[in-house]
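*Asks:* Below you will find the structure I want to go over with you.
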Amino acid sequence: MMNLLLIPVVLGLAAGAPLVLEVWVPKSFHPAELTQIVAIVAVCTFPFGQFVANLRALMSESRTGRAAVATLVAAAVNIGLNIAMVPFFGITGSAIATVLSYALCARLTRPPASTGLQVPGASVLLRSLIGGAIVVTLAIGVLPTSPVWLAIRLAIAAGALLAFALLLRAAMAGSETPGRLLTPVAARYQ
C-alpha cells in the first residue's frame, strides 16, 4: 500500500513543482529551471520507501548492523557519484547520484532469505506501475512552465492529490494491498 500511495505523491510533486518553486525559491536560483531536479529527486521516494520497510524489518529483529553498513556504503557511493557526475551534469548529476544511492541503500538493506525476515516483494504489476510512475514523473519534470502548461500541471497535481486521498482512505479503512501487487515471500526463494 505504501508504494501505491507514493505513486500519486511523486507525480503530484513533479507536477506542482513550478508553482511551489516560484513561491519558495529566490529568483536568483531560476526556479523554472529546477523543475527537472525536483522530478528526479521525487523519484527517490520509491527506493527510500523500500529502505524504510527493510529497516523496520531489520529493527524488529535487532539486526541494524546491516542497515548501518548499507547506509555508509550508499553514502560513500553518493559522494563518489557526485564527484564524477557534478562536473559534467551539474546539479542534475547530483540529483541522479542521490537516486542511485538511495536505490543502492534499499537493495543493500533488503534482508536475505537466510535471515528468516519476511519482507514481501513487489509483483511485476506493482513494479510496472512504479516504473510507469517514474517515467511519467521524469516527463512531467521537463514540461514547459508557460501559463498553459502550468494549468495542465495544476490539473495533474489535483488529480494526484485526489488519487492519494482515495488510496489513503482505503488504507485507513483497513483495505489490504491486493495480492496481485505483492510477490509472496516464499515464492521469491523457490
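*Asks:* Can you confirm whether PRO18 is buried (at least 16 other Cβ atoms within 10 Å of the Cβ) and in contact with an Asp or Glu (Cβ under 6 Å, 6 or more places away or on another chain)?
*Replies:* no
*Asks:* Look through segment 108-149, keep the residues that are free of Cβ contacts under 8 Å to residues at least 60 places away in the same chain and within 14 Å of PRO47 (Cβ to Cβ), and return whichever of them is most open to solvent (accessible area, probe 1.4 Å).
*Replies:* ARG127
*Asks:* Next up: Taking THR98, is it surrounded by 17 or more Cβ atoms within 10 Å (Cβ to Cβ), modelled with pLDDT under 95 and out of contact with any strand residue (DSSP E or B) (no Cβ under 6 Å at 6 or more places or on another chain)?
*Replies:* No: the conditions fail for THR98.
The values are calculated or read from the model by the stated rules, or taken from the named source; none is laboratory data. On a predicted model such as this, the values are computed, not experimentally measured, just so you know. Because the Cβ atoms are built from the backbone with ideal geometry, glycine has one as well, and the counts that use them run over all protein chains shown. Remember, those area values only see protein heavy atoms, side chains included, never the ligands or the DNA or RNA. Shrake-Rupley method; radii C 1.70, N 1.55, O 1.52, S 1.80 Å.
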